[in-house]
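The values are calculated or read from the model by the stated rules, or taken from the named source; none is laboratory data. This structure is a prediction, so every number in the text was calculated from the model and none was measured. With ideal geometry, Cβ positions are generated from the backbone for all residues, glycine too; neighbour counts draw on all protein chains shown. Accessible surface is based on the protein model in full, side chains and every heavy atom, while ligands, DNA and RNA are left aside. Shrake-Rupley method; radii C 1.70, N 1.55, O 1.52, S 1.80 Å.
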Amino acid sequence: MFRTYTDYVNKTALTLPDKFIDVRTGESIEVLPKVLEQIEYHSNNSTLIHLVLTALNSYLQPKSINNGNSILLEEIREIKRMMQMGYLPRGNGQMGNGPTQINETSNLDLIEVEDVLEAFGG
Amino acid sequence: MEKQNFLAVDIGNSWYKALASDNGILSEYQLPNAIALFDEEFYEKPYDDDDIVLEENLIVEVKSPAVIDKREIFYIGKGAARQRDVSLTAFNNQKADEDRTYLLLFGMAAYHALLQSPEESEIHYSIDQLAVSLPTTQYKERKSRLKDKLAGTHTVIFHKVPGVQEPKELVVKLEIKDIIVGAEGACAYLGLTRDQETLEVKNEELVKESIKGIIIGDLGGDSVDFVGIKNNRPVASVEGESFGINQFLDNIIQRVSKKEMFRFDSRAELEEKLAAGQSEWYVEPFAGVRKDISKYIIPQLKSMAIKYLEHFDRVRSSTTEIKGAVRYIAVGGAAKLARKQIQEAAVRWNERGRPIELMFPQDMEKLNVQGLMILAKMNQLKKVQGNHVISTKG
């Protein structure tokens, strides 16, 4: 069974068999449903040529990072998380996890606090 | 002292600005004041969850006594701004009465909570002190109503959360323990004069000047608020005029749409362009076609600047309490965007013999929210020190 996927906008057509031969190993492999789904998505989205080129690109030029360096990925994930948290360093450059809680060490007296609260808030 | 969470939210007509402090760690957010109804039918499934930025895809359902439960789901913020049926603030937005206030405020707080504990699917987050602002016109009559509605427990359900397993939902239960409301403009003075950490006065000079009088003009989306400060406290607030940058933004959007075939998704999108500086003042209606839109922007900013100064002049001559004010301070995001035009217009006032020399402080668009954070911390301090008489911890 062959099915043809077309992207008329970019003049790309791709006819898929059920199985294909891996050009590197010579093995015969079934086309995965995931692959079909992606091809369908991209032909509908008029980006079929980009999918094909992306796939070829990563096939012909595998990234060196891909040898399972999970520690590195974990680090990156942590940095991403910190960035998403909107972490703000303090004005004086110190990171804020010291005893920054307002507490009895504040030099403000209660009268001043109450005064400000009364004047500005409610 | 045990863990404390503070949240300060400046509910502006164009942007919601928030500062959160969790045990001393600060986070900062800003969200366009935009909501849009979510419709499952039109939801475009993302190709890959990694492509989705959560901040731009906030889809919330709010269960709270503050909003009538219609089981409706909304886009809020950036995601909403891109929808076709986006609702931006209407003129004369009554913040304490409108559902959008609570959808956006709770949504934003819950988003912050979610970033604090990214691994969990049900989050309980309590806010010891929440500080919010109202325009001076709404402050006196509406603040208790706003407080009542904000207090208590609210549930926010996030839908279609990227990176979460089907049904891609996260639940955040917000508990708001105490609330303080501040007036826009007046809070900016606190932000200007007091330190975020110690809460002590950091700008002695300005406090000294306040003995003679200071007038702050806070220019926002739909309102301009004037506050007179004397002896370090607000003495006169001039009823917020319904005048702000939004009407000028709408004019620009209309003209660009008509003449250049380019439609901005929202005011927020245009405002970001304005904030980026004149080198970014172009649109691309078609790929590769760059159209300069500064000719639509500059006249609008100019006429806003002129009106802003007119308001300023009227206020300073009409308030008896601070007749001899020695300093005029411009604050607010809109004043920052039009700073150059305002300064140019001020030259003309000078020529006419009625000089208005405005001061443009640093971070002028964030002063209100910074002042609110100070209020939140002080309110907590008062509470703790009040209790301290009973408990004898040293």
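Overall dimensions of chain B, expressed as equivalent-ellipsoid semi-axes from the Cα gyration tensor (√(5λ), whole Å, largest first), are 34, 31, 17. Ignoring aspartates and glutamates fewer than eight residues from B:LYS202 along the same chain, the ones with Cα atoms less than 18 angstrom from its Cα are A:ASP109, A:GLU112, A:ASP115, B:ASP363.
Among the listed pairs B:LYS230/B:LYS340; B:LYS230/B:LYS366; B:LYS95/B:LYS212; B:LYS160/B:LYS377, those whose Cα-Cα separation exceeds 25 Å are B:LYS230/B:LYS340; B:LYS95/B:LYS212; B:LYS160/B:LYS377. Let me make sure I get this right: for the range B:1-102, a, b and c are the square roots of the gyration tensor eigenvalues over alpha carbons, sorted descending. Under 1.5 in a/c it's rounded, otherwise prolate if a/b > b/c, else oblate. Which is it? Judged from the Cα gyration tensor, the range B:1-102 comes out oblate (a/c at least 1.5, b/c at or above a/b). A 1.4 Å probe run over the protein chains yields, for the protein assembly as shown, 52 Å² of accessible area per residue, whole-number rounding.
Fully extending the segment from A:GLU40 to A:ALA55 would add 3.9 nm, taking 0.36 nm per residue of separation and subtracting the current Cα-Cα distance.
Comparing B:LYS382, B:LYS230, B:LYS63 in a Gaussian network model of chain B, where Cα atoms under 10 Å apart are tied by springs, the biggest mean-square fluctuation is seen for B:LYS382. Once backbone amide H atoms are built at 1.01 Å from N, B:SER237 has B:GLY228 as its partners under 5 Å, excluding neighbours fewer than 5 places away on the same chain. R0 = 60 Å: FRET efficiency of A:THR6 with B:GLU205, Cβ-based, nearest 0.05? With R0 = 60 Å, the Cβ-Cβ based efficiency is 0.25. Around the amide H of B:LEU26, modelled in the peptide plane, lie the amide H atoms of A:LEU88, all under 5 Å away and 5 or more residues distant in sequence or on another chain. Springs between Cα atoms under 10 Å define the GNM used for chain B, and in it the highest mean-square fluctuation of B:VAL227, B:VAL289, B:VAL235 occurs at B:VAL289.
Ignoring ligands, DNA and RNA, what percent of the 1.4 Å accessible area of chain B is carbon and sulfur? On chain B, the fraction of accessible area on carbon and sulfur atoms equals 47 percent. Listed cross-link partners B:LYS259/B:LYS336; B:LYS17/B:LYS78; B:LYS17/B:LYS291; B:LYS259/B:LYS302; B:LYS17/B:LYS336 are compared with a 23 Å cut-off, the Cα-Cα value being larger for B:LYS259/B:LYS336; B:LYS17/B:LYS291. If I build a Gaussian network model for chain B, linking alpha-carbon pairs within less than 10 angstrom, which residue out of B:ALA287, B:ALA335, B:ALA345 has the largest mean-square fluctuation? Among B:ALA287, B:ALA335, B:ALA345, the largest GNM mean-square fluctuation belongs to B:ALA287. Between the range A:2-23 and the range B:33-84, the alpha-carbon centres lie 36 Å apart.
Each part reduced to its alpha carbon centroid, the range B:319-377 and the range B:246-285 end up 25 Å apart. Under the convention that each Lys and Arg Cβ holds +1 and each Asp and Glu Cβ holds -1, the size of the dipole of the range B:239-373 around its Cα centre is about 420 debye. Work through the residues other than A:GLU30 whose Cβ is under 10 Å from its Cβ and net out their charges, Lys, Arg +1 and Asp, Glu -1. Taking every other residue near A:GLU30 into account, the sum is 0.
Across peptide B:18-25, the average count of Cβ atoms from other chains found within 10 Å of a residue's Cβ is 4. Relative protection proxy for B:134-143, B:100-109, B:159-168, B:252-261, from highest mean packing down: B:100-109, B:134-143, B:252-261, B:159-168 (other beta-carbon atoms within 10 angstrom).
Look at the stretch A:112-119: the mean tally of other chain Cβ atoms within 10 Å of its residues' Cβ atoms is 6. Estimated from helical segments only, the mean residue ellipticity of chain B at 222 nm is -11500 deg cm²/dmol, where each DSSP H run of four or more residues counts as -39500 (n - 2.57). May I ask for the net charge around B:LEU219, where only other residues with Cβ less than 11 Å from the Cβ of B:LEU219 are counted and Lys, Arg are +1 while Asp, Glu are -1? Net local charge, B:LEU219 excluded: -3. Given axes a ≥ b ≥ c from the Cα gyration tensor, I'd like to know whether the range B:210-327 is rounded (a/c under 1.5), prolate (a/b larger than b/c) or oblate. Cα axes put the range B:210-327 in the prolate bin. Taking square-rooted eigenvalues a ≥ b ≥ c of the alpha carbon gyration tensor, is the range B:312-353 rounded, prolate or oblate, where a/c under 1.5 means rounded and, failing that, a/b exceeding b/c means prolate? Verdict is oblate for the range B:312-353.
For the range B:336-388, the alpha-carbon radius of gyration amounts to 1.90 times the rule-of-thumb value 2.2 N^0.38 Å expected for a compact globular protein. Between B:GLU56 and A:ILE21, the modelled label-to-label distance comes to 4.4 nm, taking each label 7 Å out from Cα in the direction of the beta carbon. Rg over Rh for the range B:265-380 works out to 1.07, using Cα positions for both radii and the Kirkwood form for Rh.
Hey, what did chain B get for relative contact order, percent, Cα under 8 Å, at least 6 apart? The normalised contact order for chain B reaches 18 percent. Kirkwood hydrodynamic radius computed over the protein assembly as shown comes to 25.8 Å, based on all pairs of distinct alpha carbons. Which net charge results for the neighbourhood of B:ALA305, defined as the other residues with beta-carbon distances under 11 angstrom from its beta-carbon, given Lys and Arg at +1 and Asp and Glu at -1? Surrounding charge for B:ALA305 is +3. Distance between the pseudo-spin-label points of B:ASP292 and B:SER121 (7 Å out from Cα toward the beta carbon): 5.6 nm. In order along the range A:29-34, phi translates into HN-Hα couplings of 10, 6, 6, 6, x, 4 Hz, rounded to whole numbers, per the Karplus curve 6.51 cos²θ - 1.76 cosθ + 1.60 with θ = phi - 60° and x for Gly and Pro.
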